[in-house]
Amino acid sequence: MKREYKVTTRSAEETKQWARRLAERVQARDVITLEGDLGAGKTTFTQGFAKGLGVSGVVNSPTFTIVKEYAGRMPLYHMDVYRIEDEFEELGFEEYFYGEGVTVVEWASRIQAALPEQRLEIELKRLTGDEREIIIYPHGERFEQLRKELLE
Ligand code: ADP
Ligand code: MG
């Protein structure tokens, strides 16, 4: 069974704040995957994450471009692979995953086979009102360590 850890947030701000703390601890080639229904908060999470990386400017959903790149203390590659079907191999995701920056992937399960083994999997669930559950599944020792730093 996969190990999972849960955090509940009560506002978009709180989710952003949590993501920001994560971003302050990531390094180049880290991959964060985001799952959750439409409106669960994946893009909101990414906005907070971008802040924590030092990105200035607006981060919104890259649905039509698949990948958007932002400049922070290292590059942020923000992907939304919702519309991807079989063409994903052609897009060369490896260049991002193993590149100079950190990658955040919305709807990552759609490119499951292309994901690196070591990654931080995050699921967002809508509870009531503005409450969201952030469920964290670390894959690999590095992300297990990161998870400990964030939740202790
Ligand atoms: P997704 O990318 O998963 O489709 P978005 O981040 O675009 O979702 O939308 C989430 C919406 O829910 C935003 O309008 C955000 O302000 C709102 N929201 C309310 N409460 C929260 C919360 N606790 N965490 C994240 N978003 C929240
Ligand atoms: Mg989104």
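Set side by side, the residues Glu100, Glu24, Glu14, Glu89 differ, and just one is away from ligand 2 (no atom under 16 Å from the Cβ), at pLDDT below 95 and open to solvent by 60 Å² or more (accessible area, probe 1.4 Å), which is Glu89.
Yes or no, residue by residue, for (1) of a type in the set (Phe, Trp, Tyr); (2) away from ligand 1 (no atom under 11 Å from the Cβ); (3) assigned to a helix (DSSP H, G or I); (4) in contact (Cβ under 8 Å) with a residue 12 or more places away in the chain:
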{"site": "Lys6", "(1), (2), (3), (4)": "no, yes, no, yes"}
{"site": "Arg21", "(1), (2), (3), (4)": "no, yes, yes, yes"}
{"site": "Arg25", "(1), (2), (3), (4)": "no, yes, no, yes"}
{"site": "Arg29", "(1), (2), (3), (4)": "no, yes, no, yes"}
{"site": "Gly39", "(1), (2), (3), (4)": "no, no, no, yes"}
{"site": "Ser61", "(1), (2), (3), (4)": "no, no, no, yes"}
{"site": "Arg73", "(1), (2), (3), (4)": "no, yes, no, yes"}
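If you go through the stretch 104-125 one residue at a time, do you hit one that is modelled with pLDDT of 95 or more, farther than 15 Å from Leu34 by Cα and surrounded by 13 or more Cβ atoms within 10 Å (Cβ to Cβ)? The answer is no, given that none of the residues of the stretch 104-125 is modelled with pLDDT of 95 or more, farther than 15 Å from Leu34 by Cα and surrounded by 13 or more Cβ atoms within 10 Å (Cβ to Cβ).
Does Thr33 qualify as being among the hydroxyl-bearing types (Ser, Thr, Tyr) and not in a helix (DSSP H, G or I)? Against the criterion (among the hydroxyl-bearing types (Ser, Thr, Tyr) and not in a helix (DSSP H, G or I)), Thr33 qualifies. Could you count how many residues in the stretch 41-57 are near ligand 1 (Cβ under 8 Å from one of its atoms) and among the aliphatic types (A, V, I, L, M)? Number of matching residues: 0.
Restricting attention to the stretch 40-55, does a residue exist that is crowded, with 17+ Cβ neighbours inside 10 Å and more than 23 Å from Pro138 (Cα to Cα)? Looking for residues that are crowded, with 17+ Cβ neighbours inside 10 Å and more than 23 Å from Pro138 (Cα to Cα), one finds at least one in the stretch 40-55, hence yes.
The values are calculated or read from the model by the stated rules, or taken from the named source; none is laboratory data. In this text the structure is predicted, and so the values were computed from the model without any measurement. Here Cβ is always computed from backbone atoms with ideal geometry, including for glycine, and neighbour counts include all displayed protein chains. The protein model used for the area step is the full one, side chains on, heavy atoms only, and it has no ligands, DNA or RNA in it. Shrake-Rupley method; radii C 1.70, N 1.55, O 1.52, S 1.80 Å.
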